[in-house]
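Please read the structure below before turning to the comments.
Any read-out appearing in this document is the output of simple, stated calculations on the displayed coordinates, not a laboratory observation. Bear in mind that the values here come from a model prediction, so they are computed numbers and not experimental data. Glycine gets a Cβ as well: all are built from the backbone with ideal geometry, and neighbour counts include every protein chain shown.
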Amino acid sequence: NAGVTQTPKFRILKIGQSMTLQCTQDMNHNYMYWYRQDPGMGLKLIYYSVGAGITDKGEVPNGYNVSRSTTEDFPLRLELAAPSQTSVYFCASSTHSTGEDGYTFGSGTRLTVV
Amino acid sequence: DQQVKQNSPSLSVQEGRISILNCDYTNSMFDYFLWYKKYPAEGPTFLISISSIKDKNEDGRFTVFLNKSAKHLSLHIVPSQPGDSAVYFCAGSTDSWGKLQFGAGTQVVVTP
C-alpha cells in the first residue's frame, strides 16, 4: 500500500501566487488532516475532514481552503501566498475518531514563499 | 496557548542505555496521548499511545507512563539503539474527531 501520498515534495512560490497541495490516501480512512510544522515548533492543525463532503477548520486555517469530494483525496489550497506560509505541510489520515491508533502521515511538502 | 509542552529540545544517550523523554500538558480533557517519531525529510510515524484512564502502556522497547495528577507523561526507550536517533513528538487528543495538539518535539541522538 502507498499509504498517504503528498505532492509536490518541494515548492517555491512568489508572494501572491496560489497553489494546491495534493494529498491522497489508499487506506479508506474517513478522517484526514492537514498540519503545518514551523521550525522548532510542533505541528499545528490547519483543516480536517471526517468524511467526504465534510470539512472543518483547525487551529490555523487563515489563508487556506480545503475540499473533500472523495474519501481518498484531501487537497489544500493556498490563495495569495504570504511569507508566513513558509512551512512544511503534512497530510495525515486516521481510521479511528479518537486517534488512539495514530495517524498515517505523508512525507510532507516543503513550501517556501519569497 | 500551548497545551502540550516538551521542555527538553534535545537528548543525548549512549547506545544500550535508557532514553527518557518527558512531556507536560495543561488540558485535563485529553482522552489519549500519543508519541510520534520523525526522521529528517519524512513524515512522523506513530509509536505508542496511552488512554487517560491508564498509567502505563508498553510495546516492545517503548513504554509510556502517565501521571494525571502531575499532568505529565514520559516515554522510555530501553535499550536505546542508533536507529532511535530522531525527533520525538508528544501529542494529546481531546475530542471525537481525532484532532491532536502536538508538543515542539525532542531531538534524540543515540551515540555508540
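Worth a mention:
- Dipole axis of the stretch A:19-114 (+1 Lys, Arg; -1 Asp, Glu on Cβ), positive-most option in A:113, A:31, A:48: A:113
- Once C-alpha pairs closer than 8 Å and six or more residues apart are averaged by separation and normalised to the residue number of the stretch A:4-94, the relative contact order reads 37 percent.
- Here is the size of chain B from its Cα atoms: Rg then Dmax, 13.3, 43 Å.
- Directionally averaged projected area (convex hull, Cα atoms, the protein assembly as shown), nm²: 12.1 nm²
- 20 Å cut-off, amide nitrogen to a point 7 angstrom out along residue A:14 Cα→Cβ, residues in the stretch A:58-79: A:78-79
- Computed over the stretch A:4-70, the Cα gyration tensor eigenvalues convert (square root of 5λ each) into semi-axes of 21, 15, 13 Å, ordered from largest to smallest.
- Summed side-chain charge close to residue A:24 - residues other than residue A:24 whose Cβ falls under 13 Å, Lys, Arg +1, Asp, Glu -1: -2
- Net charge over other residues, Cβ less than 14 angstrom from the Cβ of residue B:79 (K, R count +1; D, E count -1): 0
- Under 20 Å from residue B:71, Cα to Cα: lysines that are on another chain or at least 8 residues apart: B:5, B:54, B:56, B:99
- Spin-label model, residue B:107 to residue A:26: label points 7 Å out along the Cα-to-beta-carbon direction sit 3.5 nm apart.
- Contact order, relative form, for chain B: 37 percent (alpha carbon pairs under 8 Å, 6 or more residues apart, mean separation divided by residue count).
- Note on the stretch A:4-94: with charges restricted to the Cβ of Lys and Arg (+1) and Asp and Glu (-1), its dipole about the Cα centre is near 260 debye.
- Kirkwood-Stokes translational diffusion coefficient of chain A, alpha-carbon pairs, 25 °C, 0.890 mPa s, µm²/s: 176 µm²/s
- Formal net charge of residues neighbouring residue A:49 (Cβ-Cβ distance under 14 Å; K, R +1; D, E -1): +1
- Each residue of the stretch B:77-86 was assigned a 3J(HN,Hα) from its phi angle through the Karplus curve 6.51 cos²θ - 1.76 cosθ + 1.60 (θ = phi - 60°); the sequence is 10, 9, x, 6, 10, x, x, 7, 5, 5 Hz, with glycine and proline shown as x.
- Between residue B:95 and residue B:2, the simple spin-label model (points 7 angstrom out along Cα→Cβ) gives 2.3 nm.
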